[in-house]
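Right, one structure below, let's go through it.
Just so it is clear, none of the values below were taken in a lab; they were calculated from the coordinates. Just so you know, these numbers come straight off a predicted model, no measurement behind them. All Cβ positions, even for glycine, are placed from backbone atoms using ideal geometry, and neighbour counts span all protein chains on display.
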């Protein structure tokens, strides 16, 4: 009868059980949170591959792949294999997110904000899985396709912030730049988000519908959408240059300057790909590279944002202990952690 209580405890809350018996090293914590970033990028890239190969309806229904099969069958051909393979990658993403949750929950000193961010990843994966199913059931409606992509980018946002927060401490944020730089960064962030959103309009009105059948497109002139997208891209580049110039006089802004320079280089590469794909009639390989580049641009923007302040080294700042009641709420059935994840990300102290 000895092992029975332990088995019950594991079944009741395996994450809390693991956290009580294992403490990840700082390197492990960073790797765990980075893994979800990598898989978030991979899932966006492979989702693009599904679309660009015309495999969006390779699995004709959801959650099954076919009416009588959970998996792709030989009759579905290569399109079914591509779409089903992309669905299977979701489980790899879930594993990466699960590792991030366990590592964040097990970190010492306890980091409740980091745990909330990791749990938020879980809920976003679940939500986007549902949106992905709706996308198939609506036969690749361009608006649900756009929503599917934007929610994937939201997941990438939370994963990236989790990774960056894992690399720093929990002390009160200390600004490294002046008000002008912070305002420029805010404008840069908003403009970059608009740029990403406009990209979905360009795609939604363009030729790559995701299936060889008659898939509806957004009622927007494709050339006009591309021009507006280009203007937004130049605005982001201009704001990046302005931010770099604004940071030069500051002696404490070496990190922000380096992150801004990295963003500028990524933007240049992304811009070259964008113009080449436009003037070569949107070949699939370049469209895929441009989609992949959009994830790198957004990660670079987030790195700029979080570089504007410092919060000390990991483990350097003491975190107040929770009382027994609060601890029971978090460890009892996972509902404490899950409820915390439902709070806005801003409550995590990022």
**Cα centroid separation - the stretch 71-114 against the stretch 185-230, whole Å** = 27
**Asked** Using the Cα gyration tensor of the stretch 13-167, with a ≥ b ≥ c the square roots of its eigenvalues, what is the shape: rounded (a/c below 1.5), prolate (a/b larger than b/c) or oblate (neither)?
**Response** prolate
**Request:** Considering only 13, 128, 86, give the residue with the highest GNM mean-square fluctuation for the chain, with springs between Cα atoms whenever their separation is below 10 Å.
**Result:** 13
**Prompt:** Once fully extended, how much extra length lies between residue 174 and residue 280, figured as 0.36 nm per residue of separation less the alpha-carbon to alpha-carbon distance?
**Reply:** 33.4 nm
**Item:** Exposure proxy ranking, count of Cβ atoms within 10 Å, fewest first, for 224, 289, 117, 155
**Value:** 224, 289, 155, 117
**Residues 243, 268, 34, 188 arranged by fewest to most Cβ contacts within 10 Å** = 268, 34, 188, 243
**Prompt:** What's log10 of I(q)/I(0) for the stretch 226-297 at q = 0.13, 0.14, 0.21, 0.26 Å⁻¹, Debye sum over Cα points only, no solvent?
**Reply:** -0.43, -0.49, -0.88, -1.14
**Request:** Please say if the stretch 174-313 is rounded, prolate or oblate, where rounded means a/c under 1.5 for a ≥ b ≥ c the square roots of the C-alpha gyration tensor eigenvalues, and otherwise the choice is prolate for a/b larger than b/c and oblate otherwise?
**Result:** prolate
**Prompt:** Among 94, 59, what is the fewest-to-most ranking by other Cβ atoms within 10 Å?
**Reply:** 94, 59
**Prompt:** Relative contact order for the chain using alpha-carbon pairs under 8 Å, separation at least 6, rounded to a whole percent?
**Reply:** 25
**Asked** In the Gaussian network model of the chain, springs joining C-alpha atoms below 10 Å, which of 174, 259, 105 carries the largest mean-square fluctuation?
**Response** 174
**Asked** Given springs between every Cα pair under 10 Å in a Gaussian network model of the chain, which of 60, 30, 75 has the largest fluctuation?
**Response** 75
